[in-house]
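First up is the structure itself, then whatever we jot down about it.
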Amino acid sequence: MMSRESKKAAAGLHEKLQILRSITHSRALSDTSIILDASEYIKELKQKVVRLKQEIACEEAGALKHSSSPTAVTVETLGHGFLVSVFSDKSSPGLLVSILEAFDELGLSVLEATVSCADTFRLEAVGGENQVKNVDEHVVKQAVLRAIGNCSEGGRQHE
């Protein structure tokens, strides 16, 4: 005979297995099959994470390839804004404007900036978040890299 505590534990386990079954979209009926389906589901999710990380890395590499010179972009979160640093071995016409337009598209206002674009390009800007939510370091960095890539492509087309 099962004690009351054992029945309660078994019912709790069964309930958790049913939750797992619904989360993983399993059609299995036995506990073992539900666990095996959940294991497969976790493997699929891990593969998706790897694939997404590869896509992000390719996008970053692609943005840097479009740039004709070595470029470094760093973004740090500061309270409700960001510190954005950009360095490029070569300055190109319109690069500053392109980056500032990217900030504008993200709803970031530039609170303070230091720019040098004689031979090399160097920008250090403090941007405050305006209206748009869900803007994080990665989103800002991707926008800046796209702006640099677009500016480089535009510069090559005019040569």
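Observations, loosely collected:
- Remark: for residue pairs K16/K46; K8/K43; K8/K46; K53/K90, the C-alpha separation exceeds 25 Å in K8/K43; K8/K46; K53/K90.
- Accessible area, probe 1.4 Å, largest first, for residues T71, T77: T77, T71
- In this structure H25 has an accessible area near 140 Å², from a 1.4 Å probe over the protein heavy atoms.
- Modelled label positions at E76 and V49, each set 7 Å beyond Cα in the direction of Cβ, lie 2.8 nm from each other.
The values are calculated or read from the model by the stated rules, or taken from the named source; none is laboratory data. Here the structure is a predicted model, which means the values were calculated and not measured. Counting neighbours? That spans all protein chains shown, and the Cβs are built from the backbone with ideal geometry, glycine included. Side chains included, ligands, DNA and RNA excluded: accessible areas come from the protein's heavy atoms. Shrake-Rupley method; radii C 1.70, N 1.55, O 1.52, S 1.80 Å.
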